[in-house]
Amino acid sequence: MDCVTYIEKYLSAHVDGELSGDEARAVEKHLAGCGDCRVRYAEERAVKALVRERARRYETPVQVRGSILAALDAVDSGARARNRAGQADRTGTVVMRRPRLWLPVALAAAAVFAFVMLHGGNVPPANAIPAFDSALERYEIFNAHFVPNVPSTSPADISDAYLGHKMPGLLWNLQPSGFRLVGGRLERLDDGSLAAFTFYRGNEGTILCAFMKAHGMQPPPGAIQEVAGHNYYKYKGYSVVLSYYPRGDFISVLVSRKTMPYFIQDILGSSL
């Protein structure tokens, strides 16, 4: 399978979970070796998840509806032009071209995506959230200068060190989104509890993952989006993701300066 076939024929059905067993296996084999299509898949998932969430709450504005209709008209016009050109070509030669059909639809989806990100969701959290503040404080310190106190850059070694201190041993794998693991730190918070901080750098920014005791903390109101158990917030100018560790009273707080749409793409393209 090549990129053209995946994008034109399988991408939308893949996101919607509508592929047959054989198709799904072929698609996964292609994605395993194609970073560009993994990015497209993550983008499509993010757009559809947000549109599904917000579509039932908000009437699409007139200007957005107009953009979508114009994009669809452009698709129809382009298809008709290509059909006429194909009928006029009698050489019998088959010429493969990179598909352009999806571009107007993608732009229309992006318009909806931008609208719901700017206007959808609840208001940002009004009150201070100590867990977020602790992660933000470390993020700024580590962004300027990060010195790991877990003596390894190996994910397995860092995980073992965390487990040895009775912290969650899970590490986010952000490599598919272009981030390398810099290292880990174990520190005491102001309340005396231990926290594990794992720092990542990429060409387009940095991400900090903080594992800390939840102390019964529930997801604060004001989440922009909830996708696959991860709660996304805009908090004090940062993009934040709150997740719960499947065992024990721990939370994961991801922090970045990246804008929320791109941050969501990074997280959807990665794994915990």
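Pick out the one residue from ALA161, ALA144, ALA135, ALA195 that is outside the structural domain of CYS34 (by TED's automatic domain parsing), among the small types (Gly, Ala, Ser) and farther than 26 Å from MET260 by Cβ. The conditions single out ALA161.
Please work out which residue is surrounded by the fewest Cβ atoms within 10 Å (Cβ to Cβ), limiting yourself to region 155-170 and to residues that are touching a residue at least 40 places away in the same chain (Cβ under 8 Å) and assigned to a loop (DSSP other than H, G, I, E, B). Out of the qualifying residues, it is PRO168.
The set of residues in region 181-219 being surrounded by fewer than 16 Cβ atoms within 10 Å (Cβ to Cβ) and on the phi > 0 side of the Ramachandran plot consists of GLY192, HIS215, GLY216.
Checking each residue in region 190-215 for being assigned to a strand (DSSP E or B) and touching a helix residue (DSSP H, G or I) at 6+ places or on another chain (Cβ under 8 Å) picks out ALA195, ALA196, PHE197, THR198, PHE199, GLY202, THR206, ILE207, LEU208, ALA210, PHE211, MET212.
The values are calculated or read from the model by the stated rules, or taken from the named source; none is laboratory data. The structure presented is a predicted model; accordingly, all values stated were derived computationally and were not measured. Every residue, glycine among them, receives a Cβ derived from its backbone with ideal geometry; neighbour counts consider all protein chains shown.
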